[in-house]
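To keep things clear, I will list the structure first and then write my remarks on it.
The values are calculated or read from the model by the stated rules, or taken from the named source; none is laboratory data. Note that the coordinates shown come from a computational prediction; the quantities given were computed from them, not determined experimentally. Here the Cβ is made from the backbone with ideal geometry for all residues, glycine too, and neighbour counts use every protein chain on show.
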Amino acid sequence: MERHGLRRQATLRSDLAVSFITITAVAVILVGGISFHNARWAVNSVSAHLRREVALRIQENLESFLAPALHITEVNARAVSSGNLDPTNREELLRRFRQQIDLIPSVSSVYFGNPRGGLANSGRESSLDERYVIFTENFRAGTFEKWSIDSRGKPLELMAVVPDFDARTRDWYRDALARDGAVWSDVYVLFTGQDMALAASRPAYDPRGNMAGVFSVDLFLGQIGDFLQDLEIGFRGKAFLVDSQGHLVASSLADDPPILENGEGGYRLRHLEESSCSVIRAASALFRNEETRFSPSRELGDERFFSAGRSHYIHTAPLRYRSGPDWFIGVVIPEADFMGRIEQNNRLLLVIILGVLFLCAALGVFTARRITGPIWALTVAAGEIASGERAEEIPEDSPLLEIHQLTHSFNEMSRRLADTVSGLKEEVRERKQVQVALQHSLDEKEVLLREVHHRVNNNLSVVAGLLNLQASTITTPQQAIAGFEVSRSRIMTMALVHEELCASEDLARIEMNPFLNHVATQIPQFQETRGRITLHVHAGGVRCGVDAAIVCGLVVNELVGNAITYAFPQDEPGDVWVTLRKTEGRHELVVRDNGVGLPEGFFEGSVEGNTLGITLVRMLAEQIHGDFYIEPSSGAHFVLLF
């Protein structure tokens, strides 16, 4: 029944295998997880640095692109204020503007509006670099004429006529006067739809401080898109510019032009949310803000977002250039550009982890079988001994030193027990022969035979009980080895009773002083500490029956072993006293030491009830109807009255 009960519980073999596999799996997974986390952190750091570097390059390019427009308006305004340029001379203005356009290819036109509503404009068409001039009649508000010109500025063909033109009504003119300084216009589409333009305007004053008019410069924005498309941003990175109205100024995608037809024969700017690229459309959500219609949620920073289930990182930064324009830079890089190789390595790592776990499982099962096979044989043999059977000798061929020593000790214990039983049987045989020879003492011999039989059965029951009690505490191979060593010591203590009986003339009672001396000195803990721990045994003149002697021997074995093990830590020397005396009709057995004393909580029950040795001593005391208690002392002090 006991063996069946063990099988229903977790076995040592399964515990060893599962523990081995679990520890290996946790270690491999932790190392792999930390490695992946560090790799992702490093890759994201590199990606963030790349995004910032790209945004910085875009910033620098835009500054060099926008600077000429402000420079031209500033130079022209200074020329007027210094008297070097006559703002009323239309031809001089057109000639100056034409020269400035020749110097700077990104400028589409340079023009001037005066307080009378007149306009003087020199520019180029973006597609073929065809030059033209625009002016109003008498350089005041009125008819607007656009002429194509040759390389020397000579008019060739009238291209357009617009009546009732007044420069003072134009946004570039009014905004410059309202700001009284440099100002940028919103992005607009050329009427041809071939490109977008941006105007920078500045008011001019004559030498007397009177307002002379407003200078303005238009820039072609198509060059910004060309620059973005030439940038290398990882494998699938993207960059774009967006204004505060949410219009796409430029992007690194050639198939995502910022100009759309408006359905009425004209053109309009593409909104960021209308981009043909799903990633840019997903990124547009990060630019929404309640205070301004369209700006990043933070002035400068990196954000993570998802598009089509894939992770992307975006770096957003405002264009910081003097008075404007109010644009924002966005640089997007997919996480997969840098994590692709790492994810492949992770898949390979997963295969390796599974292989390692399989190998560990096989090694764990093999190792557990090597350890638990001999232990199971010991358990079966111990059960046979507990059942009163003669145990077969266990092979001592284990390659593990501890298992080999445990098997050898058990076989030795089994042989000694068998010899003891055989000796008892021989004694019974001899007594039967004496009974035949001494017919007149037949009744006395029959009583003696029953007593011997009782002792044998009682000793075997005690041995079985001790083995079962010790087996219930075994959970590891080390505990099994220690437990069998303790059991061996206890059984040897019982065997000493019979050795003392054999040496004694009185087969019913034992001289306790030599017996207890023998028990105390054969305790394994004392053998290991001989010379450091001093034993004092005093039981002179006391004789006890077999049952009481066995109990006293086992109690001394437990308490002295515990005192040597726990009372003197760090190899400190000490003394242990064992005293047996008869007082007031009872026997008093005292075991005490001058060690560190019992642990805190021992008397309240929080520690005492959890020790196997104290539990065994109490059970032994009950067998002989004795009382066991613990005296308060600086060291440990135990008393058994019976």
| message | Restricting to the stretch 111-121, name every residue that is of a type in the set (A, V, I, L, M, F, W, C) and closer than 15 Å to Ser148 by Cα. | response | Ala120
| query | In the stretch 575-595, how many are over 23 Å from Thr521 (Cβ atoms) and either within 52 Å of the chain's Cα centre (by Cα) or among the polar types (S, T, N, Q) (or both)? | reply | 1
| query | Would you say Phe306 is modelled with pLDDT of 75 or more, out of contact with any Ser or Thr (no Cβ under 7 Å at 6 or more places or on another chain) and among the aromatic types (Phe, Trp, Tyr)? | reply | yes
| request: Return the only residue of Val356, Val351 being at pLDDT 75 or above, surrounded by 13 or more Cβ atoms within 10 Å (Cβ to Cβ) and in a helix (DSSP H, G or I). | output: Val356
| said: Take the residues in the stretch 80-104 that are under 20 Å from Gly222 (Cβ atoms) and either in contact (Cβ under 8 Å) with a residue 60 or more places away in the chain or in contact with a strand residue (DSSP E or B) (Cβ under 6 Å, 6 or more places away or on another chain) (or both); name whichever of them is surrounded by the most Cβ atoms within 10 Å (Cβ to Cβ). | reply: Ile101
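With Arg202, Arg208 as the choices, which residue is surrounded by fewer than 16 Cβ atoms within 10 Å (Cβ to Cβ) and either modelled with pLDDT under 85 or charged (D, E, K, R) (or both)? So that I can check it myself, show each step before the final result.
Numbers: Arg202 fails: surrounded by fewer than 16 Cβ atoms within 10 Å (Cβ to Cβ).
Matching residue, one of Arg202, Arg208: Arg208.
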| message | Quick test of your reading of the structure: Gly153 fulfils all but one of (1) modelled with pLDDT of 90 or more; (2) over 28 Å from Pro325 (Cβ atoms). Name the failing condition by number. | response | (1)
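Yes or no: the stretch 156-170 includes at least one residue that is of a type in the set (Lys, Arg), closer than 25 Å to Glu92 by Cα, in a strand (DSSP E or B) and assigned by TED's automatic domain parsing to the domain that holds Val75. Before the answer, list the steps.
Let us first name the residues in the stretch 156-170 that are of a type in the set (Lys, Arg), namely 168, 170.
Among the residues that remain, those that are also closer than 25 Å to Glu92 by Cα are: 168, 170.
In the following step, the residues that additionally are in a strand (DSSP E or B) were identified as none.
No, the stretch 156-170 contains no residue that is of a type in the set (Lys, Arg), closer than 25 Å to Glu92 by Cα, in a strand (DSSP E or B) and assigned by TED's automatic domain parsing to the domain that holds Val75.
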| field | Close pairs (8 angstrom Cβ cut-off, 6 or more residues apart or separate chains): over 12 Å from Leu406 (Cβ atoms) in the stretch 376-388, in a loop (DSSP other than H, G, I, E, B) anywhere | value | Glu384/Arg390; Glu384/Ala391; Glu384/Glu392; Ile385/Ala391
| field | Test: Ile394 is surrounded by 13 or more Cβ atoms within 10 Å (Cβ to Cβ), at pLDDT 65 or above and in contact with a Leu (Cβ under 7 Å, 6 or more places away or on another chain) | value | yes
| request: Would you be able to say whether some residue in the stretch 72-79 is surrounded by 12 or more Cβ atoms within 10 Å (Cβ to Cβ), of a type in the set (Ser, Thr, Tyr) and either at pLDDT 85 or above or not in a helix (DSSP H, G or I) (or both)? | output: yes
| remark: Within the stretch 213-254, the residues that are in contact with a Phe, Trp or Tyr (Cβ under 6 Å, 6 or more places away or on another chain) and modelled with pLDDT of 90 or more are Gly213, Val214, Phe215, Ser216
| field | Which numbered condition Arg124 misses (of (1) more than 30 Å from Asp326 (Cβ to Cβ); (2) of a type outside the set (Phe, Trp, Tyr); (3) buried (at least 17 other Cβ atoms within 10 Å of the Cβ)) | value | (1)
| query | Being at pLDDT 75 or above and among the acidic types (Asp, Glu), is that true of even one residue in the stretch 11-24? | reply | no
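May I ask you to list the residues in the stretch 550-582 that are surrounded by fewer than 19 Cβ atoms within 10 Å (Cβ to Cβ) and either within 13 Å of Ile533 (Cα to Cα) or at pLDDT below 85 (or both)? Working first, answer last.
Restricting attention to the stretch 550-582, the residues satisfying the condition of being surrounded by fewer than 19 Cβ atoms within 10 Å (Cβ to Cβ) are 565-566, 569-575, 577, 579, 581-582.
Hits for the stretch 550-582 are Thr565, Tyr566, Pro569, Gln570, Asp571, Glu572, Pro573, Gly574, Asp575, Trp577.
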| request: From (1) crowded, with 18+ Cβ neighbours inside 10 Å; (2) at pLDDT 90 or above; (3) within 22 Å of Arg532 (Cβ to Cβ), pick out the condition that doesn't hold for Leu589. | output: (3)
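Does Leu119 meet the test of being of a type in the set (A, V, I, L, M, F, W, C), in contact with a Gly (Cβ under 7 Å, 6 or more places away or on another chain) and assigned by TED's automatic domain parsing to the domain that holds Asn210? It would help to see each step written out before you state the result.
Details: of a type in the set (A, V, I, L, M, F, W, C): yes; in contact with a Gly (Cβ under 7 Å, 6 or more places away or on another chain): yes; assigned by TED's automatic domain parsing to the domain that holds Asn210: yes.
When the stated conditions are applied, Leu119 passes them.
Can you name every residue in the stretch 600-642 that is modelled with pLDDT of 80 or more, aromatic (Phe, Trp, Tyr) and in contact with a helix residue (DSSP H, G or I) (Cβ under 7 Å, 6 or more places away or on another chain)? Don't jump to the end; show me each part of the working.
At the first step, the residues of the stretch 600-642 found to be modelled with pLDDT of 80 or more are 614-642.
Filter once more, keeping what is aromatic (Phe, Trp, Tyr): 628-629, 638, 642.
Result: Phe628, Phe638, Phe642.
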| request: Considering only the stretch 555-591, state which residues are closer than 13 Å to His538 by Cα and among the charged types (D, E, K, R). | output: Arg581, Lys582, Glu588
